[in-house]
1. In the chain, what percent of the accessible surface is made up of carbon and sulfur (1.4 Å probe, ligands and nucleic acids excluded)?
2. Counting alpha carbon pairs within less than 8 Å and at least 6 residues apart, what relative contact order, in whole percent, applies to the chain?
3. How big is region 23-105 by Rg and Dmax over its Cα atoms, in Å?
4. Taking 0.36 nm per residue of separation and subtracting the Cα-Cα distance, what length does fully extending N70 through E7 add?
5. Check which residues have an amide H placed less than 5 Å from L10's amide H, if you skip close sequence neighbours.
6. Would you please give the FRET efficiency between A46 and F78, computed as 1/(1 + (r/R0)^6) with r the Cβ-Cβ distance and R0 = 25 Å, to the nearest 0.05?
7. Could you work out, for region 4-60, what percent of all Cα-Cα pairs fall into each 10 Å distance bin, beginning at 0 Å and stopping at the bin that holds the largest distance?
8. Taking the 0 to 90 degree range and rounding to the nearest ten, how far is the long axis of helix 79-95 tilted relative to the main principal axis of the chain, both from C-alpha atoms?
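The values are calculated or read from the model by the stated rules, or taken from the named source; none is laboratory data. Just so it is clear, the model here is predicted, and its values are computed rather than measured. Heads up, the Cβs are rebuilt from the backbone with ideal geometry, glycines too, and the neighbour counts pull from every protein chain shown. SASA here: full protein model, heavy atoms, side chains in, ligands and nucleic acids out. Shrake-Rupley method; radii C 1.70, N 1.55, O 1.52, S 1.80 Å.
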Amino acid sequence: MFQTEYEFCLPKGYVDASGTLHREGIMRLATAADEILPLKDPRVQANEAYLIVILLSRVITTLGTLGSINPKVIEGIFAGDLAYLQSFYNQINGNGQATIKAECPKCDHAFEVELSHAGG
């Protein structure tokens, strides 16, 4: 079965205005529009680094108990969590899987790690 949504768990989590921590979420696969339309946004035109903020706000469908995900939420995510989400986005949209190949540095055993559980 073709999977279009993937669960994730942020390493640190997003803390909302009331102090509630949100770590678990769902990200859907990006569409062409998700990658093209933000390029017209004036914030992205003024600062290309803002593209990931808009992009993630479009593809993250759930984060904890938040009612909606918007650019302000993504702006409030800790830098380490932003890096995790960028990697997770690239992984699921690159090959449609939320796993990466890894190797133990001590015994050279090869295995796969599920990114959806890497933060938790």
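1. Looking at the chain in its full context, I get 55 percent from C and S.
2. 30 percent
3. When restricted to the Cα atoms of region 23-105, Rg and Dmax are 13.5, 45 Å.
4. Answer, rounded to one decimal: 20.9 nm.
5. Amide H neighbours of L10: E24, G25.
6. 0.60
7. 21, 40, 34, 5
8. 70 degrees
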